[in-house]
Amino acid sequence: MDWAMLIEWVVKALLLTVILLTGFAYTTYLERKVLAWIQVRIGPNRAGPWGLLQPAADGIKLIFKEELIPAYADKIIFVLAPVITMIPALIINAVIPWGREVVIFGRKVALYLADVNVGVLYIMAVASISVYGVVLAGWSSNNKYSLLGGLRASAQMISYELALGLAFLPPIMLAGTLNLREIVEAQRSMWYVVYQPIAAFIFLVTSIAEVNRAPFDLPEAEQELTAGYHTEYSGMKFALFFMAEYTKMIAVSAIFASLYLGGYLGPFESQFPWLGPVYLALKIFLGLFLMIWLRATFPRFRYDQLMALGWKGLFPLALLNVVVTAGVLALVG
Amino acid sequence: MSLMVLFVLMGALALAAALGLLFARNAVYAALFLVLNMLALAVLYLTLGAPFLAMVQITVYAGAVMVLFLFVVMLLGAETLREEGGPIAWQRPLAAILGGVLVGTLSYILFVEATTGKILPPPEDYATPYALSVKLFQDYLLPFEVASVLLLVAMLGALVLVQIERKRRRNDDQTSD
Amino acid sequence: MTTLVTVPDIETRFAGVITPDTRKGYQGYIVEAEHVRAFAKALRDDYGYDYLASLTGVDYLPEGKMEVVYHVYKSTGGPGLVFKVQVPRENPVVPSIVDIYPGANFQEREAWDLLGIRFEGHPNLRRILLWEGFWGHPLRKDWREPYFEEEGKPFSSRWPHGKHFHHEDKNPFGKNVDYPPGFDPYTWEPDTADEILYQAVLQRSEIRDDLRTERVVVNLGPQHPSTHGVFRMIVTLDGETIIGLEPVMGYLHRNHEKIGERNTWIMNIPYTDRLDYITAMANNFGYVLAVEQLMGVKPPERAEYIRVIMAELTRIVNHLWAIGFLLNDLGAFFTPALYAIEERELILDVFEATTGSRMMNNYFRFGGVARDIPEDAWDKLVQLVTDRLPRKVDELDRYLTNSELIQSRTIGVGVLTAEEAIAYSTSGPVLRASGVPYDIRRADPYSIYDRFDFDVAVRYHGDVYDRYLIRIDEMRQSLRILQQAVKQIEQEAPRGAPILAGKPQYQVRVPPGESYGRVEAPKGELGFYVVSTGKPNPWRYHVRAPSFVNLTALEAMCRGHKIADVVTILGSIDIVLGEVDR
């Protein structure tokens, strides 16, 4: 057993987790600031300079809140559900290539955690697992409306997973591999968003529906009688749900960047490999800004309109796109 | 070596999950144990060098089929099972016989055939997407198409059932004025 | 300003049954109780008075009579007709006219609740503003509130020497709280009236012979982020479709009308601010109009212009708020709301400079307004009205109206037809969005509205989208009126002209009589029915609140829609709990 490799993995995993969790905290801050600026307000500016310590304040508050478990709720699953929601959000980031290889202390270290040959499939698999947390949260609250809200949220996620899966296909077909790092490398000549604008658009829309963000956030809205599947949650368990949502936002932006926007590629990246993560971070920031902008701008879809859009609009479009792409590739060779 | 350790661990986990599935009182717990079982199976596939199959197992089985199972169980509120009567009289002996057949066959294969070299190790890239697709779309095309027609029939059946329900509901709306 | 009519041939037709009301200061007809239904039906069908504006009760304790007062108008416009039914005070029973004028539903329940007048034939005669189990009828003249001091203010413990004490301080363990006979506060356990309510609601909803569907009663509780205040709706669902909706209100009931009877006339003006707290000036306007009719006082020119300017600015304030919160209910997370509220803040700055307060203005007086608009506030106002607000309203229209998401959520949702709208006595934007061009400023003009050139906004589909569009239309028409008003005021009554008829006084003497003053408040028809006996305090003070009466149509609008639409439909009616519950 190569101890150096083991240590490298452990360090990289820890570093990635820390970066993700800090990123989540500051994504909440980013959201509040950007929303505020769009709404002609200022946003948090009291906790720390420019309000930068606001996420810390929120975290401390949530830790000190009373942990309530409803009377006849299923205690084990009630407590586990937020954890089950959080884990896929974290592990989906394992296959994202943050850069190429760099040399640290005389050792070649690759700037990604796992170079899996079926990277894209791994992402699909983890996305499918993330449905469980929502369903179990709704069920374990012992509240009829939480259950219905949870089932609807998960039905929404499953429906949009179809179109999402089909939107994954064009970059795979163009690059000829399921390995995410090789897909990024294949975009050295031209980013795939130029070849596949429709698939990029479908990917964006379906991933926003997957993450339950506006305008697809009816399961969390007050019009759903209760606040949907996380009504009965308070304190740190509630924080875990939001952690999962924002971490998924970051992950989805990173995946979109890797598949369509050239991942860690950018000017002068081949000479200075450390620029790779910087470029990827910029693209992730762009994706996050887009999602926050959408939330500030649009009203939300009603549930039946949402499902109709997913099944009758995006899924056929994605399918058609795949067929046309395959045809063109077969013709061109 | 580490792969062997992982294999044994996952096997034990799969076994434990299966036992949990059998003995769980609550239908939702049973479904969740089944999900755990499938996840353990996926890791087993990984250790055997079939990553594609592992991911597909998680995506399709654990991620879609079991979610639908859970939907049905939760909507019907079947979490609390009641023991209705006892087992049917001839079930226990039949189960014992069939179980014995299974154990016998498996042990024969495991201890006799495997050691005499009748079972060959698989080729290096036997489970890559390329190899799988070649087999699926060239050698086994007909079963593939038959399976997809079966799925199509199931989808159409579901649609028809919904249409019947909708028509019945619309008639009720019109008559009860 | 209403001039109520007498219709001569009605007297011949119903001779012997009705008598003209000849009390000093009173108008209309007194109808005998048994014949009121035939009379109302004839008014609606034969004489064209199809719009019931107000229904209220008055307790005449000295004469031993309870009176129910009805105000009806024609939906084509014009002055209205008032008729009354008098019944003995002990056990008053009046036939209900709910099947003739469905808009009487909630108003009859209120008369039962607060005065104890029983309406025979009412489908659901339960308390509306107070809870089932409340003992007594608060607006009765022999009902004393806890810590009752005197019949009318100013209380002698407060005035004039300044050394006042609170009555409750003198009597800490005193027995001036009235308990029902046999009630022991130490052993009483509150019963859950809610289960009974839900059972009643479930049975009242339409019976379907369908064993498979599950009818569920769901409570959109008083604590809900989208119900615009403490308002509760009990919804009966069939799957996800609404088959019945029962609004439960009264969580903000403050017995405003009884307080009004204790106050002096001029003390009531700040209390009217707190009715529809978003549009304080409009409430002031209605009240002073009603009392000025009784006093026979006419405000000077400059005061009239200022009143119109303030009323129209209030209309813009209200519609900005309403549109913002309707969009918020649709899910556009506060962004359109904050853009609209930014404009409202600028208008509120003008209010603050003029009246001293942003929202609870207390500005109008009997015979004029309290003070003139300062110079710099006037300049700001002119700049707003001529330049900034028209641009901003156009901007709001541009980025909201054609949004496909908004259109798909609101077109065809919550439809109210014109006949239903008139029958349910809806008013304001709700009525006009259903195709009935009834605007009190045109139909029954008051103040100086007949001098301005403006159109009555009307839309014809009656759904939520039209109610949104009509508020934008009304804002544009208000801006038209404002632009004409700021020009005309410079010519007709420049700065320095008097703004109050007569000297400012604290104690006004109002001659005896009754008066119904109605204004086109931004939410609908706001009417004040006041009865004076010549004393410094009103004998009866009733507020006909537009939000309260508009809610009668809520069930009809929501039936058949999904539960997610209820909040949208409620947002489009635009209610404020301050005036729903008073």
> Any idea which of (1) of a type in the set (Phe, Trp, Tyr); (2) within 19 Å of residue C:262 (Cβ to Cβ); (3) in contact (Cβ under 8 Å) with a residue 40 or more places away in the chain is the one residue C:101 doesn't satisfy?
Replying inline: (2)
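Go through segment C:316-335 and give me each residue that's within 7 Å of chain A (Cβ to nearest Cβ) and either crowded, with 24+ Cβ neighbours inside 10 Å or within 11 Å of residue C:226 (Cα to Cα) (or both).
C:327, C:330, C:331, C:332
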> Assuming residue C:430 fulfils every condition listed in (1) assigned to a loop (DSSP other than H, G, I, E, B); (2) under 19 Å from the mean Cα position of the chain (by Cα) apart from one, which condition is it?
Replying inline: (1)
>> Take residue B:28 and tell me if it is under 28 Å from residue A:151 (Cα atoms), in a helix (DSSP H, G or I), modelled with pLDDT of 85 or more and within 9 Å of chain A (Cβ to nearest Cβ).
In response: yes
>> Could you check segment C:523-582 and list, in sequence order, the residues that are farther than 25 Å from residue A:305 by Cα and small (Gly, Ala, Ser)?
In response: C:524, C:527, C:532, C:534, C:545, C:547, C:553, C:578
>> If a residue must be touching a Phe, Trp or Tyr at 6+ places or on another chain (Cβ under 8 Å), more than 8 Å from every other protein chain (Cβ to nearest Cβ), open to solvent by 10 Å² or more (accessible area, probe 1.4 Å) and part of a helix (DSSP H, G or I), how many such residues does segment A:101-154 contain?
In response: 1
>> Taking the condition of being without any contact (Cβ under 8 Å) to a residue 24 or more places away in the chain and either of a type in the set (Val, Ile, Thr) or assigned to a loop (DSSP other than H, G, I, E, B) (or both), how many residues in segment C:42-84 meet it?
In response: 3
>> Here is a check on your reading of the model: is residue A:299 outside any helix (DSSP H, G or I) and either under 22 Å from the mean Cα position of the chain (by Cα) or within 14 Å of chain C (Cβ to nearest Cβ) (or both)?
In response: yes
>> Being open to solvent by 30 Å² or more (accessible area, probe 1.4 Å) and either more than 14 Å from every other protein chain (Cβ to nearest Cβ) or not in a helix (DSSP H, G or I) (or both) narrows it down to one residue among C:506, C:541; which is it?
In response: C:506
> Can you name every residue in segment C:555-568 that is open to solvent by less than 10 Å² (accessible area, probe 1.4 Å) and either within 11 Å of chain A (Cβ to nearest Cβ) or among the aromatic types (Phe, Trp, Tyr) (or both)?
Replying inline: C:564, C:565, C:566, C:567, C:568
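State which residue is farthest from residue A:300 (Cα to Cα) when the search covers only segment C:374-412 and only residues that are in contact with a Lys or Arg (Cβ under 9 Å, 6 or more places away or on another chain) and open to solvent by less than 40 Å² (accessible area, probe 1.4 Å).
So the residue we want is C:378.
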> Would you pick out the residues in segment C:396-416 that are out of contact with any Asp or Glu (no Cβ under 9 Å at 6 or more places or on another chain), part of a helix (DSSP H, G or I), more than 12 Å from every other protein chain (Cβ to nearest Cβ) and touching a residue at least 40 places away in the same chain (Cβ under 8 Å)?
Replying inline: C:397
>> Here's a check for you: in segment A:173-182, which residue that is surrounded by fewer than 21 Cβ atoms within 10 Å (Cβ to Cβ) and either touching a Cys at 6+ places or on another chain (Cβ under 9 Å) or of a type in the set (A, V, I, L, M, F, W, C) (or both) is farthest from residue A:326 (Cα to Cα)?
In response: A:175
>> at positive phi and either modelled with pLDDT under 90 or part of a helix (DSSP H, G or I) (or both): is that true of residue B:11 in this structure?
In response: no
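Filter segment A:278-296 down to residues that are under 17 Å from residue A:33 (Cβ atoms) and of a type outside the set (A, V, I, L, M, F, W, C) and give me whichever is farthest from the other protein chains (Cβ to nearest Cβ).
As a first pass, look at segment A:278-296 and keep what is under 17 Å from residue A:33 (Cβ atoms): A:284-296.
Adding the requirement that they be of a type outside the set (A, V, I, L, M, F, W, C) leaves A:287, A:295.
Values: A:287: 19, A:295: 6 Å.
Within segment A:278-296, the match that is farthest from the other protein chains (Cβ to nearest Cβ) is A:287.
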>> Which residue is modelled with the highest pLDDT, if the candidates are limited to segment C:524-582 and must be at positive phi and touching a Pro at 6+ places or on another chain (Cβ under 9 Å)?
In response: C:524
>> Please go through (1) in a helix (DSSP H, G or I); (2) closer than 16 Å to residue C:311 by Cα for residue C:391 and return the number of the only condition it doesn't satisfy.
In response: (2)
> Which one is surrounded by the fewest Cβ atoms within 10 Å (Cβ to Cβ) among residues in segment A:302-318 that are away from every other protein chain (no Cβ under 14 Å) and in contact (Cβ under 8 Å) with a residue 60 or more places away in the chain?
Replying inline: A:317
>> For segment B:26-81, which positions are among the polar types (S, T, N, Q) and open to solvent by 50 Å² or more (accessible area, probe 1.4 Å)?
In response: B:80
>> Given the condition more than 14 Å from every other protein chain (Cβ to nearest Cβ), modelled with pLDDT under 75 and open to solvent by less than 20 Å² (accessible area, probe 1.4 Å), answer yes or no: does some residue in segment A:231-244 qualify?
In response: no
> With respect to residue C:272, is the statement that it is open to solvent by less than 10 Å² (accessible area, probe 1.4 Å), under 30 Å from residue A:298 (Cα atoms) and away from chain A (no Cβ under 14 Å) true?
Replying inline: no
>> So in segment C:17-41, with the set limited to residues that are free of Cβ contacts under 8 Å to residues at least 60 places away in the same chain and open to solvent by less than 10 Å² (accessible area, probe 1.4 Å), which one is nearest to the chain's Cα centre (by Cα)?
In response: C:28
>> Condition first: touching a residue at least 40 places away in the same chain (Cβ under 8 Å), touching a Gly at 6+ places or on another chain (Cβ under 6 Å) and not basic (Lys, Arg). Can you find one or more residues in segment A:83-92 that meet it?
In response: yes
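The values are calculated or read from the model by the stated rules, or taken from the named source; none is laboratory data. As the structure is a computational prediction, the values presented were derived from the model and not from experiment. Positions of Cβ are generated from backbone atoms using ideal geometry, with glycine treated the same way; all protein chains shown enter the neighbour counts. Surface accessibility is based on the protein's heavy atoms, side chains included, excluding ligands, DNA and RNA. Shrake-Rupley method; radii C 1.70, N 1.55, O 1.52, S 1.80 Å.
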